[in-house]
Structures are given as C-alpha cells and as structure tokens.
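Read-outs: derived from the displayed coordinates by stated rules, not from any lab. The structure presented is a predicted model; accordingly, all values stated were derived computationally and were not measured. Using ideal geometry, Cβ is built from the backbone for each residue, glycine included, and neighbour counts are taken over all protein chains shown.
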Amino acid sequence: MLGGLWPLVHRRSFEAVFGTKNDRWLLYTVGGLLTGNGVVQILSSDTAEGWRRARDLGVATATVLLTIDLLYVPAGRIPKMYLLDAAMEIGWLAAWARETSRCPRQPHPRL
C-alpha cells in the first residue's frame, strides 16, 4: 500500500528515485491500484477465507510486479533501481509462503 501511495502523495521524490515518467496517468493508475490492493488486504475479514483472499491478492500483485521488473530492467526499459523493487517483491512472496506453510487453513496475522 505504501509503494502505491508514494507516487500519489509525492510524485517528485518517487521520480527522483525511479526516474521521470512520461505517462503520468499510468503512474497514477498503478499507484491507485497498488493502494487499493493494500486497502483490500488490510480490511479483509479475520477468517481463514479472508486470509486466503488477502494472500491470493498479495501473491498475484507481487508476482506481476516482479515479472515486470525482471523483464524490463535487463531490456533497459526501466531503471536498474527497479531491481530493489524486485527484491522487495521476492520478500513479500517469501513472507506469504512462510505464513502459508505454517498452517494454510487457519487465519494468520496480516503481513
């Protein structure tokens, strides 16, 4: 959620780190979607089903972002700084996997 809020709240600092964006509408769209995903995860019900839905949304989002980072950094389409984002996505995927392996049918604390 914080990664999505950053370009919405302070675009200049975001662009200072990740490079200037030509399509600001796309920057705001992705930021809004990531923020929305985070809100849905935080507000998910404290049940096994709610936790599974939050996990599924988190895993899908992290997988898509990781894939984009790993495809477009080597191609030179996005700055190498996005490899830091890729590392963070790997961290989220590992955290979800760890929590799921502990007891996949029980509610877990939110990450």
Practice prompt. For the chain, just the Cα atoms, rotate onto the principal axes and tell me the three extents in Å, largest first.
Written response: 44, 27, 17
Worksheet item: Short version: ³J(HN,Hα) in whole Hz for each residue of the range 32-45, in order, from phi by Karplus 6.51 cos²θ - 1.76 cosθ + 1.60 (θ = phi - 60°), x for Gly and Pro, what are they?
Response: x, 5, 5, 5, x, 4, x, 4, 4, 5, 5, 8, 4, 5
Worksheet item: Which is the longest part of the chain that has none of the trypsin sites (Lys or Arg not before Pro) sitting in a DSSP loop with at most 12 other Cβ atoms within 10 Å?
Response: 1-76
Discussion item. Per DSSP helix of 4 or more residues, -39500 (n - 2.57); summed, then divided by the residues of the chain. What does that give at 222 nm, rounded to the nearest 500?
Written reply: -24500 deg cm²/dmol
